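Below you'll find the structure, written out as structure tokens, and then a few comments.
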Amino acid sequence: MDAFYASVEQLDHPEWRGKPLAVGGNEGRGVVAAASYEARKFGVYSAMSSALAAKKCPNLIFARPRFDRYKEISNQIREIFYEYTDLVEPLSLDEAFLDVTENKKGLKSAILIARQIRAKIKEKTGLNASAGVSYNKFLAKTASDLNKPNGQAVILPEEAAAFLEKLPIGKFFGIGKVTAEKMQNLGIHTGKDLKEYSLQFLSKKFGKSGLHYFNIVRGIHLSEVQPHRVRKSLSAENTFEKDLITIQELEDYLRPVFEEVIKRIERNGIKGRTITLKIKHADFTLQTRSRTLEQYPDEDTFWKIALELLHQEEILQPVRLLGLGLSNLNITEEQVHFGVQLRIPFESTAF
């Protein structure tokens, strides 16, 4: 989806349409979760601090996130996907991989399927979607970013090699800013540069990821579209209007975060044995404290452990964010039924 959270807010608030909008935080605190395309013209992007976003765009409108609303529309979009295939792998509320090698409509063109799905999303929700079409997930995802907003692109098998050689290294899906900078320091600026390095060299410089980089620049990505994925953790966090200083403030503000995690636990019907406390300080340094239990804790034990983690050592700096997470969940691979991807060429579409 194109600028999904921001687009939903502009859909529901006509007075915000055509104006720079950021979802998340406010001009004083917090982080931008999504930015409208009008805001992006000013250099405002997701994960940017709200304070910096406000400086870049003085007329920026801040909207509080409404995840229930985003999830509602996400479910509507997913229903459209399932009209075409059951092989849908959601990446988030606004993005998914679809394997349409064999599809419910009997259509032989993945390009046509993508066009139909985008039109149905627009008709049902009023929102724009972009799509990428190719023969594996990596290339489909890369293609989905080429003609945003409200567009689609295809990378055919015979085009992949030339396309990847020209692609700037920072545009490769899965290569983040830090890795891109490291590669650029080695003289790797494009796919062609990356392709010149051996597997041995890349493994030495990038560890286990070296094989992945070696393969993707050659158009090789064997990851299947997995319609079901096992949840690894569950968490909630909150960024505060003002920094917290005293231990009493920290306890008071941790409680709503804990209650939100409990709601999510009950909603998903899961349990976990590892409790993790996340603390982000005013200078953005991050600290985590964890404890793994032999038994799944009840609600009272969970809160008790959360407080013990908070008091585990003295907190000497002001705190801007607290989070609580649960992992080591009572979900195993055997409990989830996985679909099987059909190994036929030209199989992946990303939205």
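Only the coordinates and a few stated rules stand behind these numbers; no lab work does. Everything numeric here is computed off the predicted structure, so don't read it as measured data. Here the Cβ positions follow ideal geometry from the backbone for every residue, glycine too, while neighbour counts run over all protein chains shown.
Odds and ends about this structure:
- Residues of the chain were split at every exposed loop site, defined as trypsin sites (Lys or Arg not before Pro) in a DSSP loop with at most 16 other C-beta atoms within 10 angstrom, and the longest piece left, sites excluded, is 233-342.
- Ordered by the number of other Cβ atoms lying within 10 Å of each residue's own Cβ, fewest first, Thr274, Thr142, Thr101, Thr292 fall into the sequence Thr292, Thr274, Thr101, Thr142.
- Across the stretch 220-286, the volume of the C-alpha convex hull divided among the residues equals 169 Å³ per residue.
- 222 nm mean residue ellipticity, helices alone, for the chain (DSSP H n ≥ 4; -39,500 (n - 2.57); rounded to 500): -11000 deg cm²/dmol
- For the stretch 82-187, dividing the convex hull volume of the Cα atoms by the residue count gives 110 Å³ per residue.
- Principal axis dimensions, the stretch 158-216 - Cα atoms, whole angstrom, descending: 30, 21, 19
- Computed over the chain, relative contact order equals 18 percent, with contacts defined as Cα pairs under 8 Å that lie 6+ residues apart.
- The stretch 184-323: equivalent-ellipsoid semi-axes (sqrt of 5 x gyration tensor eigenvalues, Cα, Å): 40, 22, 13
- Helix 299-310 and the longest principal axis of the Cα set of the chain meet at an angle near 80°.
- More than 19 angstrom apart: percent of Cα pairs within the stretch 1-92: 42 percent
- Diffusion coefficient of the chain by Stokes-Einstein, Kirkwood radius over Cα pairs, 20 °C, 1.002 mPa s: 94 µm²/s.
- Across the stretch 158-216, C-alpha contacts under 8 Å between residues 6 or more apart give a mean separation that, scaled by the residue count, equals a relative contact order of 28 percent.
- Cβ-placed point charges (K, R +1; D, E -1), dipole of the chain about Cα centre in debye, nearest 20: 1060 debye
- In a simple Cβ point-charge model (Lys, Arg +1; Asp, Glu -1; nothing else charged), the stretch 165-266 has a dipole of about 880 debye relative to its Cα centre.
- For the stretch 4-65, the relative contact order works out to 36 percent when only alpha carbon pairs closer than 8 Å and six or more residues apart are counted.
- Residue with peak Gaussian network fluctuation, the chain [Cα springs, cutoff 10 Å], from Ala96, Ala162, Ala306: Ala162
- Ranked for footprinting exposure by Cβ neighbours inside 10 Å, fewest first, Tyr213, Tyr197 give Tyr197, Tyr213.
- The residues Met183, Met48, when put in order of fewest to most other Cβ atoms within 10 Å, stand as Met48, Met183.
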